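Written below as structure tokens is the structure these notes are about.
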Amino acid sequence: MSTYKIVKCPYCKGILAVKLHQKTKTCTYCGKKFKVLPLKALALARDSEEAGLLVKYLKAKEAKVEEFLYRRKNRPEGNNDYDQYI
């Protein structure tokens, strides 16, 4: 199981998940290759599933729709996947 860090592409500011000790990454949004190690981690994830959830949450937060998408009062009962990130 790999640990992931969530970073922003230095070129297009797209939010991406990369393995913790990965040296370079090609951005899936703009296609540019960049060095990962010097970038600040926005968040850390224990596995790829958690990394995906964090990327989705951070994208929603950046778009200012996380309140609507991730708050308990706006979700059906029993859907607590995102509670740990709020």
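Each value in this text was obtained by applying a stated rule to the coordinates, not by laboratory testing. Just so we're clear, the structure is a prediction, and the values are computed from it rather than from any experiment. We place every Cβ from the backbone using ideal geometry, glycine too, and count neighbours over all the protein chains shown.
Within segment 1-55, the set of residues being part of a strand (DSSP E or B) and without any contact (Cβ under 8 Å) to a residue 24 or more places away in the chain comprises Val18, Lys19, Thr24, Lys25, Thr26, Lys33, Lys35. Quickly run through segment 14-54 and pick out the residues that are of a type in the set (Asp, Glu) and closer than 8 Å to Tyr4 by Cβ. Matches in segment 14-54: Asp47, Glu50. Among residues belonging to segment 21-31 that are surrounded by 13 or more Cβ atoms within 10 Å (Cβ to Cβ) and in contact with a strand residue (DSSP E or B) (Cβ under 7 Å, 6 or more places away or on another chain), point out the one that is nearest to Asp47 (Cα to Cα). For segment 21-31, the residue satisfying everything is Lys25.
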